[in-house]
1. Taking the conditions exactly as written (surrounded by fewer than 19 Cβ atoms within 10 Å (Cβ to Cβ) and farther than 21 Å from Ala77 by Cα), does Asn152 satisfy them or not?
2. Scan Thr108, Thr122 and give me the residue that is closer than 25 Å to Phe236 by Cβ, of a type in the set (Val, Ile, Thr) and either over 14 Å from the mean Cα position of the chain (by Cα) or in a helix (DSSP H, G or I) (or both).
3. Quick one: Thr74 ticks every box in (1) at pLDDT 90 or above; (2) within 18 Å of the chain's Cα centre (by Cα) bar one, so which box is it?
4. Can you tell me which of Phe60, Phe88 is crowded, with 19+ Cβ neighbours inside 10 Å, at pLDDT below 95 and not small (Gly, Ala, Ser)?
5. Lys128 is checked against (1) assigned to a helix (DSSP H, G or I); (2) of a type in the set (Lys, Arg); (3) farther than 16 Å from Leu209 by Cβ and fails just one. What number does that condition carry?
6. Would you mind finding the one in Asp101, Asp160 that is without any contact (Cβ under 8 Å) to a residue 12 or more places away in the chain and either open to solvent by 40 Å² or more (accessible area, probe 1.4 Å) or within 18 Å of Ile213 (Cα to Cα) (or both)?
7. What is the residue count in the range 170-222 for residues that are of a type in the set (S, T, N, Q) and at pLDDT 90 or above?
8. For Ser126, all conditions in the list (1) touching a residue at least 40 places away in the same chain (Cβ under 8 Å); (2) in contact with a Ser or Thr (Cβ under 7 Å, 6 or more places away or on another chain); (3) more than 25 Å from Lys75 (Cα to Cα); (4) open to solvent by 10 Å² or more (accessible area, probe 1.4 Å) hold save one; what is the number of the exception?
Amino acid sequence: MILLTLTCRYYTFYHLQMPFQTNHSHSYLSPPNFALGKFTNTADSEKPDSEKSRKNNKLFYMKAILKNFQDQKTKQALAEKAHERLYFYLNSAKLTLDRLDTIKNNVTHSVADQKEIDRFETWFGSIKNYKTHIAHVKSVIDCIHKRFEDENIILVYDVDSEDKDTFAFVTVDDIYKQHLKIHLCQAFFETDENNELFNTKLGTILHELTHIIGDTEDFAYGEDDCKKMDKQLSIFNADSYEMYIESFRNMPSIK
């Protein structure tokens, strides 16, 4: 038995976690919408695609590993959709950070590049004043993205959670952090994603993953505090990553 520290959105506490069990179920996910060659925001409900099409589209085909959702089909669907959307926006962020790392020292930038620089600097500070921030954020996002690719993130419905202020918390099943469990509490499923710019379900999962993968803390919460916080600390703040990833969700369609 291993003693692990669990970090949730509002509290840090200790918990005894039993060894990894393999009695989990797998669910196949559908990719985001594409229409006439345009990328469309997936905040709306996705149209199901065939399993063959999903398998052929490796970029968006990932399995969500689920536990404790036996008779909770609605909650299971919400968890699956959050997992799917997060993987999609992690791909967007990964490509963007690769680009920023390439052009960060350029004297001038295109309109599109400047838009992405502005997005990054909103949450992580000036790329000129904090020269290592792009590489650090890129490293954290790359590591989380790889965990999705390796399919070792497990979403657990935490039926015993009684704390109404806790959305989720994370545990690991071994000292090598090979399997990461995101425990989803009742507040997670009550999030109104269609009317909220930030603090979404996908953002909550990302927030918890940064704690265990990026060793982040909770120095600031929410849009306003994250924008105003000391940007030297921003690369170690979980909500800064959440706000950054969620901002991709609100991009207009691109031709």
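1. Taking the combined requirement at face value, the residue does not satisfy it.
2. Only one candidate passes the filter, namely Thr122.
3. Result: Thr74 passes all but (2).
4. Phe88
5. (1)
6. Within the list Asp101, Asp160, the selection yields Asp160.
7. Matching residues across the range 170-222 total 6.
8. So Ser126 meets the others, but not (2).
The values are calculated or read from the model by the stated rules, or taken from the named source; none is laboratory data. This is a predicted model, so every value here is computed, not measured. Every residue, glycine as well, gets a Cβ built from its backbone with ideal geometry; the counts of neighbours run over all protein chains shown. Accessible surface is based on the protein model in full, side chains and every heavy atom, while ligands, DNA and RNA are left aside. Shrake-Rupley method; radii C 1.70, N 1.55, O 1.52, S 1.80 Å.
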